[in-house]
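**Student:** I'd like to ask some things about the structure below.
The values are calculated or read from the model by the stated rules, or taken from the named source; none is laboratory data. Since we're looking at a predicted model, the values are computed, not measured. Don't worry about glycine lacking a Cβ; one is built from the backbone with ideal geometry, like all the others, and counts go over all protein chains shown. SASA here: full protein model, heavy atoms, side chains in, ligands and nucleic acids out. Shrake-Rupley method; radii C 1.70, N 1.55, O 1.52, S 1.80 Å.
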Amino acid sequence: MTMSKSDAALLEAWGAGDADAGNRLFDRYFLPVSRFFANKVPEEHDDLIQETFAGCLKGRDRLRDKDSFRSYVFAVASNVLRMHFRRKRTRGPAVEIDECSAHDLAPGPSTVLRAADQQQTLLDALRRLPLPLQIVTELYYWEGMRTHEIGEAVDLPTGTVRSHLRRGRALLLDAMQDPHARGDDSALDDLDRWAHEVRETVTRSCA
């Protein structure tokens with residue numbers, strides 16, 4: 001049986017001119033990268049997916065840890081997202097991107113997603129989180145990434161990632177139900193379940 005090449009090996013081969021290696025890497029990470037953009041830039045995320053993979057190839061020398069390609073690809077995606085929002089804001093007042101939400105920067109609901117009412121409420125609530133909190137929360141719930149992996153992707157200490165995740169959960173529970181219940185274990189279980197259901201909806205829309 002032939003072992004499949006690692007992500008790092010595929011990236012190296014792609015950089016050496018092997019287009020098939022690039023296609024295989026794209027196939028592996030298309031859905032995760034698509035999910036990353038789907039609820040942040042619903043109308044333009046196809047172009048940003050392409051830009052992310054091009055950025056991975058161009059900056060491949062920055063991949064120091066050969067076992068952390070997933071964190072690397074989301075680091076590139078995060079930079080692409082911020083550059084996209086900065087381009088859109090060139091004619092408006094200067095803003096600090098990380099102090100805004102995706103809803104502030106690209107107003108409107110997640111129109112590319114067909115979700116049940118409760119799922120749509122959660123999607124909209126995610127879009128109203130400050131951008132760093134939305135990124136951390138979605139990577140945690142939708143990609144199953146550990147806090148240290150997320151820290152590598154967003155260039156933050158693990159403790160800050162955990163703080164962002166706690167704050168993001170609290171704000172989401174405020175939006176979904178009685179805020180007085182937000183520390184209750186059953187409320188967090190509900191959030192876990194809702195997030196899993198929304199992930200499936202987003203994945204179907206991206207496939």
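**Student:** To the nearest 10 degrees, how steeply does helix 158-176 sit against the main Cα axis of the chain, on a 0 to 90 scale?
**Tutor:** The angle comes out at about 50 degrees.
**Student:** A further question on this structure: If you roll a 1.4 angstrom probe over the protein chains with everything in place, what fraction of the accessible area of the chain belongs to carbon and sulfur, to the nearest %?
**Tutor:** 47 percent
**Student:** Within a Cβ distance under 11 Å of ARG146, other residues only, what is the Lys/Arg minus Asp/Glu net charge? Mind dumping the intermediate values first?
**Tutor:** Details: positive: ARG70, ARG162; negative: GLU143, GLU149, GLU152.
Value of the local net charge: -1.
**Student:** ASP117 to ALA207: FRET efficiency via 1/(1 + (r/R0)^6), r the Cβ-Cβ distance, R0 25 Å, to the nearest 0.05?
**Tutor:** 0.65
**Student:** Only helical DSSP H runs with n ≥ 4 go in: add -39500 (n - 2.57) per run for the chain, normalise by residue count and round the 222 nm mean residue ellipticity to 500 deg cm²/dmol.
**Tutor:** So the calculated ellipticity at 222 nm is -22000 deg cm²/dmol.
**Student:** Tilt of helix 117-127 relative to the longest C-alpha principal axis of the chain, in degrees (0 to 90, nearest 10)?
**Tutor:** It works out to around 70 degrees.
**Student:** Excluding ligands, DNA and RNA, what is the solvent-accessible area per residue of the chain at a probe of 1.4 Å, expressed in Å²?
**Tutor:** On a per-residue basis, 53 Å².
**Student:** Let me check the size of segment 1-86 from its C-alpha atoms; what are the radius of gyration and Dmax in Å?
**Tutor:** When restricted to Cα atoms, segment 1-86 yields Rg and Dmax of 12.9, 48 Å.
**Student:** Treat the chain as a sphere of radius equal to its Kirkwood radius over Cα pairs and apply Stokes-Einstein at 25 °C in a medium of 0.890 mPa s; give the translational diffusion coefficient in µm²/s, rounded to a whole number.
**Tutor:** 138 µm²/s
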